[in-house]
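All remarks here apply to the structure that follows.
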Amino acid sequence: MIRSSSILLALLLAWMGAQPATAQDAATAPEAVEDIIVTARRIEGPMWEVQHGDSTLILVGSIDGLPRDMEWRTDALVSAVEGADRVLFPIQGQASLADVGRLIWRMRTLTRLPNDRTSADYLPPELEARVERITAEGPSRKSMLMLSADLMEQGGYARRARPVSEVVRRAARTSRKPAEPVGVFRGDEIVEKILTTPPEAYLDCIQKAATAAEAGETEGNRRAEAWRRRQVPAVLASPLEQATNACSYWAVMGEGERLRGIWNGAVDEALSQPGVTVAIAPLRLLAEPNGVLDRLEGQGLEPIGPEWRPSAP
């Protein structure tokens, strides 16, 4: 697996890389579920518990760009995974050798703007001036994807990031728990979109990435600490978090509604199955207005966990 400071590039390159219950199991299941819930409530980072009949869903809100040396306790998260019946991960891509070869062949398209153009050919003058101030350089010949990566790194996005899903995948593999992504995309589909999307599609991404860079690494560190302390509105209001969302594959490619539909379907499916499901989901998708948590509450369910809505002024 290859990881870079760009969410888009990280998503693009991330592909390179139970027995039936007995009567005794059923009798002890409620106590076991309570143990898992108590354990999950000690997770550092935003977590919500949702119950529907004999189904329990533990939603862990993840963010990208957390530094690998950031101190946060993972033992409760690992224990919750070990006690769960199944684990859900974010969407993943599946790439063939042909997809990898195409990426290598078209590497210049990924890293440089076309026809020797510069950022000044695409960005409004005011935004171009801000970017040049931040980078202390003239107009950039880097692709918008790579330029956004550089700007977000100056805003505190860790180049050597530690995804929450990495901790969970390792725990699921070690404990041999059923684990699967909520969806799988073909590598050739995503490669095609990345290679053919015009630089103009990144304007909102560059705008927000520049704002994050201007706020600096200190503000990015505050975002990470707010996440660890479950201060969800503070995380979502962070300039770096807003840039991370705007520069994601889903936002740049206009696939946000598709992503929401996939996660809503996965949550409904999890709540229709008995037992405990641990799901690692993007925090913004969970906590945004009309997001997963609002939707669950609107269905009469009660997500138990930190407040996800901003306080009224």
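Quick look at the values:
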quantity	calculated
Debye intensity ratio I(q)/I(0), log10, the range 232-277, q values 0.16, 0.20 Å⁻¹ (C-alpha model)	-0.63, -0.79
Projected-area mean, the range 160-271, by convex hull of Cα positions, square nanometres	9.2
Total charge dipole magnitude, the range 111-186, about the Cα centre, Cβ charges on Lys, Arg, Asp, Glu only, Debye to nearest 20	800
Dipole of the range 228-313 [Lys/Arg +1, Asp/Glu -1 at C-beta], most positive-end residue of Ile304, Gln273, Val235	Val235
Ranked order, Arg223, Arg228 - accessible area, probe 1.4 Å, largest first	Arg228, Arg223
Computed magnitude of the charge dipole of the range 211-313 (debye, nearest 20; Cβ of K, R +1, Cβ of D, E -1)	160
Residue among Leu147, Val167, Tyr202 farthest towards the positive dipole end of the range 131-263, charges placed on Cβ	Val167
Cα centroid separation - the range 218-257 against the range 34-71, whole Å	18
Which of Arg160, Arg42 is most accessible, then next, and so on - probe 1.4 Å	Arg160, Arg42
More than 18 angstrom apart: percent of Cα pairs within the range 141-192	61
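The values are calculated or read from the model by the stated rules, or taken from the named source; none is laboratory data. Keep in mind the model is a prediction, meaning the values are calculated, not measured. Here the Cβ is made from the backbone with ideal geometry for all residues, glycine too, and neighbour counts use every protein chain on show. Areas reflect the complete protein model, heavy atoms only, side chains present, ligands, DNA and RNA absent. Shrake-Rupley method; radii C 1.70, N 1.55, O 1.52, S 1.80 Å.
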